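Bear in mind that the values in this text are calculations on the coordinates, not laboratory data. A quick note: this is a predicted structure, and the numbers were derived from the prediction, not measured. For neighbour counting, all protein chains shown are included, and Cβ atoms are generated from backbone atoms with ideal geometry for every residue, glycine included.
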Amino acid sequence: MEKKVAVLMGSDSDLPVIKGTINILKEFGIEIEAHVMSAHRTPKQAMEFATNAKSNGFGVIICAAGKAAHLAGVVAAHTILPVIGIPMNSGALDGLDALLSTVQMPKGIPVATVAIDGSDNAALLAIQILAVNNEELAKKLAAKKESMSNEVIEKDKKLQSQLIG
Ligand code: RP5
């Protein structure tokens, strides 16, 4: 059975950005579960979800959180699944608080941290992890890269024609 991806967010206020993650996972046909779950406000639920995630059929867990963003770290502490952290720009420090809280994990408990509000890359990294053992996903990823490359080439052609006149 194909592995699912969990998308956890610390608050529903994260959803507008995290919709990007969900949309890309859906575009690739990946089964997802999305939850509002907080390391601070619902610590028991976060711990239980992480502890049971592997046996519940998940392959990767994405955690988005802002401010003192501990969700990804707490989840990573309770699972051997790869955990991807998205630091959210939700406070006075423009996301730098969440970036440091997410990326600066102590040794032994890694969290693969994407950029502040890096919702698309979190989804793509999760898909790349699943694609290690899934040729169909690997082909879809290669096609996506090809299409991105073609878009940039087209933009360059347009620029050249504007510059030349
Ligand atoms: C974090 O605090 C959430 O992930 C969110 O980014 C931020 C603000 O949450 P709310 O006060 O909007 O619920 O826990």
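Key figures for this structure:
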{"item": "Whole-number D in µm² s⁻¹ for the chain, Kirkwood Cα-pair radius fed into Stokes-Einstein, 20 °C, 1.002 mPa s", "result": "129 µm²/s"}
{"item": "Helix 43-53 vs. the chain, principal-axis angle (Cα, 0 to 90°, nearest 10)", "result": "70 degrees"}
{"item": "Qualifying trypsin sites (Lys or Arg not before Pro) for segment 1-108 [loop in DSSP, other Cβ within 10 Å: at most 13]", "result": "R41, K107"}
{"item": "Nonlocal amide H pairs with S11, under 5 Å, H built at 1.01 Å", "result": "M37"}
{"item": "Cβ-Cβ FRET estimate between K139 and H40, R0 fixed at 25 Å, reported to 0.05", "result": "0.05"}
{"item": "Cα-Cα over 31 Å, subset of K3/K157; K19/K140; K4/K44; K3/K155", "result": "K3/K157; K3/K155"}
{"item": "Distant-in-sequence amide H partners of T113 (H built 1.01 Å from N, under 5 Å)", "result": "G85"}
{"item": "Length added when fully stretched, E31-K158, from 0.36 nm per residue minus Cα-Cα", "result": "41.9 nm"}
{"item": "Choice from T102, T51, T21 showing the highest fluctuation, given a GNM over the chain with Cα pairs closer than 10 Å", "result": "T51"}
{"item": "FRET efficiency for K54 and E151, using Cβ-Cβ distance with R0 set to 45 Å, rounded to 0.05", "result": "0.75"}
{"item": "FRET efficiency, A68 to E2 (Cβ-Cβ, R0 41 Å, nearest 0.05)", "result": "0.75"}
